Amino acid sequence: MNSGMRKLQFLSAVAVLSVTCCFAQKVNTGYDKTADFSKYKSYTLQKPAADPTRPLLYASITGTIKNDLEAKGIASRETDGDLTLIATGGFDYGLDSNSDVLSDSCKNCQAPLVDAQDWTGKIPVGSSGKSLPKGTLKLTFVDRASNKVVWTGTVSQKLDPAKKDQALQRIHAAVDKLMAEFPPKDK
C-alpha cells in the first residue's frame, strides 16, 4: 500500500473518531453492592418539585426511561413502587437540577441514605449539594422500604440548540445508554 493511501486512511480514521468523540455520551454509575436487584419489580417516578421547564422533552425522556425499565420487567406504578426513581438534570433535559431528593412516601420524609462502605462505582454526583453540569441527566433509584439509594447514574450529552431534531435523538441515545447499566450486570 502506498504512503498516500495510508495517509488518507489515517486521516479518515482520525476524522471519524473526532466526530464520534464530540457526540459520545459520558456515563457514570454506582450502586449499593449489598442490594438485591432481583427483588425490584416496580418503580414510582418521583414528580419534580417544580414543573419542568420543557414539559414535552421531560415527557419524552421519562417515556424512554419507562420503556427501558419495562423491557427489563420493572413496571411503572403511580405510588408505592419497590423503587423510587428520582430524575434530575441540567436545563437541557428539562428537569430541575435542585429538586428535593425525598422518598415518595411521607412516612420516610427524609433524604435517602448512601452507605459509602457498601457502594461500588461512582459516589452519586450532586450529593454534595452542588447542581449538575448543564447537559447532565442523573437518575437515582431509592429502595422505598429502606429509603436507601441503591443505584445512581449520570449521563452527559452536549447538544447543539440549533439542531433540535438531532438533539432529541442524542438525548434518547444517552438515556438508553444510561439505562443499559441498570440493574448492574454483576448483581
Take the residues of the range 28-53 that are modelled with pLDDT of 90 or more and among the small types (G, A, S): which is surrounded by the fewest Cβ atoms within 10 Å (Cβ to Cβ)? S38
Which listed residue, of A71, A35, A49, is within 22 Å of V150 (Cα to Cα), in contact with a strand residue (DSSP E or B) (Cβ under 6 Å, 6 or more places away or on another chain) and of a type in the set (A, V, I, L, M, F, W, C): A35
Only one residue in L113, L139 is among the hydrophobic types (A, V, I, L, M, F, W, C), under 22 Å from D36 (Cβ atoms) and at pLDDT below 70, so which one is that? L113
Return the total of residues in the range 51-75 being of a type in the set (D, E) and touching a residue at least 24 places away in the same chain (Cβ under 8 Å). 1
The one condition R77 fails out of (1) of a type in the set (D, E, K, R); (2) at pLDDT 95 or above; (3) touching a strand residue (DSSP E or B) at 6+ places or on another chain (Cβ under 7 Å); (4) open to solvent by less than 90 Å² (accessible area, probe 1.4 Å) is (4)
Based on what the data block shows, is G121 at pLDDT below 70, over 24 Å from G63 (Cβ atoms), open to solvent by 40 Å² or more (accessible area, probe 1.4 Å) and under 17 Å from the mean Cα position of the chain (by Cα)? yes
Would you confirm whether any residue within the range 13-27 is within 22 Å of K177 (Cβ to Cβ), at pLDDT 85 or above and surrounded by 19 or more Cβ atoms within 10 Å (Cβ to Cβ)? no
Go through the range 154-186 and count every residue that is surrounded by 14 or more Cβ atoms within 10 Å (Cβ to Cβ) and part of a loop (DSSP other than H, G, I, E, B). 7
Residue check, L56 of a type outside the set (D, E) and surrounded by fewer than 18 Cβ atoms within 10 Å (Cβ to Cβ): yes
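The values are calculated or read from the model by the stated rules, or taken from the named source; none is laboratory data. From a predicted model like this one, the values you see are computed outputs, not experimental measurements. So basically every Cβ, Gly included, is an ideal-geometry build from the backbone, and we count neighbours across all protein chains shown. Remember, those area values only see protein heavy atoms, side chains included, never the ligands or the DNA or RNA. Shrake-Rupley method; radii C 1.70, N 1.55, O 1.52, S 1.80 Å.
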